[in-house]
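Only one structure is covered here, and it is reproduced in the block below.
Bear in mind these aren't lab numbers, they're just calculated from the coordinates by the rules spelled out. Predicted model only: the values in this text are computed from it and were never measured. When we count neighbours, we look across all protein chains shown, and the Cβ atoms used for this are built from the backbone with ideal geometry, even at glycine.
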Amino acid sequence: MSREVLYEVDRLTKVFSTGFFRTTRIYALNNVSFNVREGEILSIVGESGSGKSTLLKVLLKALKPTSGRVLYRGVPLERWDNRSTGRRSRPSSRTPTLRSTPSTELTGRS
Ligand SMILES: Nc1ncnc2c1ncn2[C@@H]1O[C@H](COP(=O)(O)OP(=O)(O)OP(=O)(O)O)[C@@H](O)[C@H]1O
Ligand SMILES: [Mg+2]
């Protein structure tokens, strides 16, 4: 039995630039790749500042990655519609999953 790949994370990098006169570049994520299949539990462990929250923000579309790619259910994250996260807009029957977002799918609120 092969379980569907939910998240496909491919060489994800997120760089933050801080400072005005002297700009510092922080690599919050540097070439992160992994897959998560349906039913799997993945623990993300690391010291403070190692990028755990940044990674989850990218996976839930709250942050855009600097480079790299994320697929959710085989579809690029940018094609998932952020606007239909509320209960009011019911997904249409034609493309039900794409009218939702990974975050609402995972929490069952769509
Ligand atoms: N909006 C931001 N602007 C600039 N730097 C940021 C921003 N968000 C995170 N960072 C930096 O990116 C790095 C990763 O931060 P992140 O919050 O993802 O770490 P974390 O693993 O969640 O840490 P903690 O365990 O303390 O929650 C840190 O160096 C942090 O200072
Ligand atoms: Mg955190």
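List of remarks:
- Among LEU63, ILE26, VAL9 - extreme Cα towards positive end, dipole of the range 1-69, charges at beta-carbon: ILE26
- Straight-line cross-link reach from LYS52 at under 19 Å between alpha-carbon atoms covers these aspartates and glutamates, not counting any fewer than eight positions away in the same chain: GLU8, ASP10, GLU40.
- Sum of side-chain charges, VAL58 neighbourhood, beta-carbon under 9 Å (Lys, Arg +1; Asp, Glu -1): +4
- Restricted to Cα atoms, the range 5-79 shows a radius of gyration and a Dmax of 13.3, 48 angstrom.
- The loop-placed trypsin sites (Lys or Arg not before Pro) in the range 5-58, going by DSSP, that have at most 14 neighbouring Cβ atoms within 10 Å of their Cβ come out as ARG22.
- Restricting the GluC sites (Glu not before Pro) of the range 1-68 to loop positions (DSSP other than H, G, I, E, B) with no more than 15 neighbouring Cβ atoms within 10 Å leaves GLU4, GLU38, GLU40, GLU47.
- Test item: Cα-centred dipole of the range 5-79, Lys/Arg +1 and Asp/Glu -1 on Cβ, debye: 320 debye
- Cα-projected label distance for ARG3 with ARG25, points at 7 Å along beta-carbon direction, nm: 3.8 nm
- Chymotrypsin sites (Phe, Trp or Tyr not before Pro) lying in DSSP loop within the range 1-69, provided at most 16 other Cβ fall within 10 Å: PHE20, PHE21
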